[in-house]
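Notes to accompany the following structure.
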Amino acid sequence: MITQNKRNEIRQRIHSRIRVKMAGTTERPRLNVYRSLNHIYAQVVDDQTGQTLVSASSIKLKSGGNVAAAKEIGKAVAEKAVAKGIKQVVFDRGGYLYHGRVKALADAAREAGLEF
């Protein structure tokens, strides 16, 4: 069985490979997802200026980091981004599989008005 530390090293290696190919611009920033054991975090980042434009996390939610919380975070980050005039983003899954909480966050962000 792969230990948690080894699994995180593998994820970071995958994420660095993905990040070489993708970057957020001012016109189309990057929607980054980080998934911990207890919570899920999403932020919209402009890589040209190195600024986080919008962020949301499940820390303040009572439901924790489950699929329902991921849907709420996806909707919240999309609403904040649309309010700032951001309609298109590049989706960065952070080295995680596009399944479960990551997929739920992405689907909720699409439904709330983001295009990727």
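The values are calculated or read from the model by the stated rules, or taken from the named source; none is laboratory data. What you see is a predicted model, and the numbers here were worked out from it, not measured in a lab. Cβ sites come from the backbone with ideal geometry, for glycine too, and all protein chains shown count toward neighbours.
Please go through the range 54-66 and give me each residue that is within 16 Å of Y34 (Cβ to Cβ) and touching a helix residue (DSSP H, G or I) at 6+ places or on another chain (Cβ under 8 Å), ordered by number. Of everything in the range 54-66, those that are within 16 Å of Y34 (Cβ to Cβ) and touching a helix residue (DSSP H, G or I) at 6+ places or on another chain (Cβ under 8 Å) turn out to be V54, S55, A56, S57, S58, L61, G65, N66. As a summary of the residue check, D47 satisfies the conditions (1) of a type in the set (D, E, K, R); (2) in contact with a helix residue (DSSP H, G or I) (Cβ under 7 Å, 6 or more places away or on another chain); (3) without any contact (Cβ under 8 Å) to a residue 60 or more places away in the chain except for the one numbered (2). Within the range 85-101, being surrounded by fewer than 15 Cβ atoms within 10 Å (Cβ to Cβ) and touching a residue at least 40 places away in the same chain (Cβ under 8 Å) holds for one residue alone: Q88. Has the range 80-94 got any residue that is at pLDDT below 95 and in contact with a Leu (Cβ under 8 Å, 6 or more places away or on another chain)? No - not one qualifying residue is present in the range 80-94.
Yes/no per residue for (1) farther than 13 Å from A104 by Cα; (2) surrounded by 17 or more Cβ atoms within 10 Å (Cβ to Cβ):
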position: N32; (1), (2): yes, yes
position: Q43; (1), (2): yes, yes
position: D46; (1), (2): yes, yes
position: T52; (1), (2): yes, no
position: A56; (1), (2): yes, yes
position: I59; (1), (2): yes, no
position: K62; (1), (2): yes, no
position: A69; (1), (2): no, yes
position: A83; (1), (2): yes, no
